[in-house]
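Trainee: Structure below; questions to follow.
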Amino acid sequence: MITTVNSRNTSESVGTVSPRDARSWLLEPGTRTHELEGRIRRYDPDAVILDLEDGVAPEDRPRARDEIHDWATGGGQAWIRVNAATTSDWGVDLEFAARCPGILGVVLAKAESAAQIDATAAELGDFGGGLIALIESATGVLDAVAIARSKSLTRLAFGSGDFRHDTATTDDSATAMGARAHLVLASRSAGLPAPIDGPSLASDVGGLRNYCRRSLATGMGGMLCVKPDHIGMINTEFAPSPEDVRGARELLAARTDSIDGSYLPRLRAAEAILDRARTYRIDTIEEAQVSASR
């Protein structure tokens, strides 16, 4: 039997899955913290990002910071998306992040160079939280290798909507898919976890599932999410399936000295699947008669 255990039900437990492994990243405007507790309990995202950038009108950003501070002071925990390093709000956002309780990390919008990552880390000082670079332009994609190698970086993410606007392409175009692939390679080369993909705007289950599977096939490791009801499928699709877990367990149980050139890579892949199953609290309880169920 293969079961999924899920006991998280409050904002205080957000972050139980490490940022390196988080699949679903719920992005909510900083002015909507009053709705957040219910959404976390109902949908159980791996991570929450409170937005101070595009999700909040410039005149509302001071109020958003106040609301985030009040929510976090009450025990809430979340990442925050700060404005681009080229804006006047950048420094204000970082000063706020560094002193606000409950902030787990910062997502830098429209990151385009390693220098911006280093400047952001320096501005945060001894903040101690994570730092994600949100790549949203052709310039950012082309500099992704250098950005990924910044010592302060936790992970890369793809701002697919702004990238489409910047390059005048569609989301499934060779240009956009090539950008995803480039972020995957940059992350792997720098020893970072797989990047976080941009959000799906699909209005139906089939469209969301196809988006997730396309993202996975490209090598992405999670997704931003602006529709809370997408979280369940994102968490399912970006975790090993019961079939994956069962196959990995059986391969490891049937180790043999008779091998070919593909055997050891298959063993490593099986071990990685079981590691991910443990990370996402997917219990793998071996049935007494696995073969009888085939």
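The values are calculated or read from the model by the stated rules, or taken from the named source; none is laboratory data. Just so we're clear, the structure is a prediction, and the values are computed from it rather than from any experiment. Note: ideal-geometry Cβ built from the backbone for every residue, glycine included; neighbour counts use all protein chains shown. Ligands, DNA and RNA are excluded from the accessible area calculation, which covers all protein heavy atoms including side chains. Shrake-Rupley method; radii C 1.70, N 1.55, O 1.52, S 1.80 Å.
Trainee: What three numbers, in Å, describe the spread of the alpha carbons of the chain along their principal axes, ordered from the longest?
Mentor: 64, 40, 39
Trainee: Here is a further query. In nm, to one decimal, how far is the modelled label at D166 from the one at I259, with both set 7 Å along Cα→Cβ?
Mentor: In this crude spin-label approximation the distance works out to 4.3 nm.
Trainee: On to the next question. Give me, ordered by chain and number, the residues 5 or more places off S200 or on other chains with an amide H under 5 Å from its own placed amide H.
Mentor: V226
Trainee: Mind ranking E35, E136 by accessible surface for me, highest first, 1.4 Å probe?
Mentor: Ranking E35, E136 by accessible area, largest first, yields E35, E136.
Trainee: Further question: Comparing L183, L27, L201, which has the greatest mean-square fluctuation in the GNM of the chain with Cα pairs linked when under 10 Å apart?
Mentor: Of L183, L27, L201, the Gaussian network model singles out L201 as fluctuating most.
Trainee: Once you place label points 7 Å from the Cα toward the Cβ at L142 and D118, how far apart are they in nm?
Mentor: Taking the simple label geometry, L142 and D118 are separated by 2.1 nm.
Trainee: Identify the residues of the range 180-207 with backbone N under 20 Å of a label point that sits 7 angstrom from the Cα of T87 along the Cα-to-Cβ direction, or state none.
Mentor: In the range 180-207, the label zone of T87 (backbone N under 20 Å from the point 7 Å along Cα→Cβ) covers 198-199.
Trainee: Got a sec? What order do Y263, Y43 fall in by accessible area at 1.4 Å, biggest, i.e. largest, first?
Mentor: The residues order as Y43, Y263, largest area first.
Trainee: Let me ask you something else. Can you tally the net charge around L124? Count Lys and Arg as +1, Asp and Glu as -1, for every other residue whose Cβ sits under 12 Å from the Cβ of L124.
Mentor: -4
Trainee: Between G130 and residues 5 or more places away or on another chain, which pairs have amide H atoms under 5 Å apart, with H built 1.01 Å from N, and which residues are they?
Mentor: Sorted by chain and number, the residues that satisfy this are G105, V106.
Trainee: Of the accessible area of the range 130-237, with the probe set at 1.4 angstrom, what percent is carbon plus sulfur? Don't jump to the answer; show the numbers that get you there.
Mentor: Working: 2380 of 4330 Å².
In the range 130-237, the share of accessible area belonging to carbon and sulfur is 55 percent.
Trainee: Find how much the distance from E250 to S203 grows on full extension, using 0.36 nm per residue of separation minus their present alpha carbon separation; answer in nm with one decimal.
Mentor: Length difference between fully extended and current span is 13.2 nm.
Trainee: Moving on to the next point. What does the convex hull of the Cα atoms of the range 109-226 come to per residue, in Å³, rounded to a whole number? Write down the numbers at each step before the final one.
Mentor: On the way: hull volume 11.4 nm³, N = 118.
So the per-residue Cα hull volume is 97 Å³.
Trainee: Sorting S173, S160 by accessible area (1.4 Å probe), largest first, what list results?
Mentor: S173, S160
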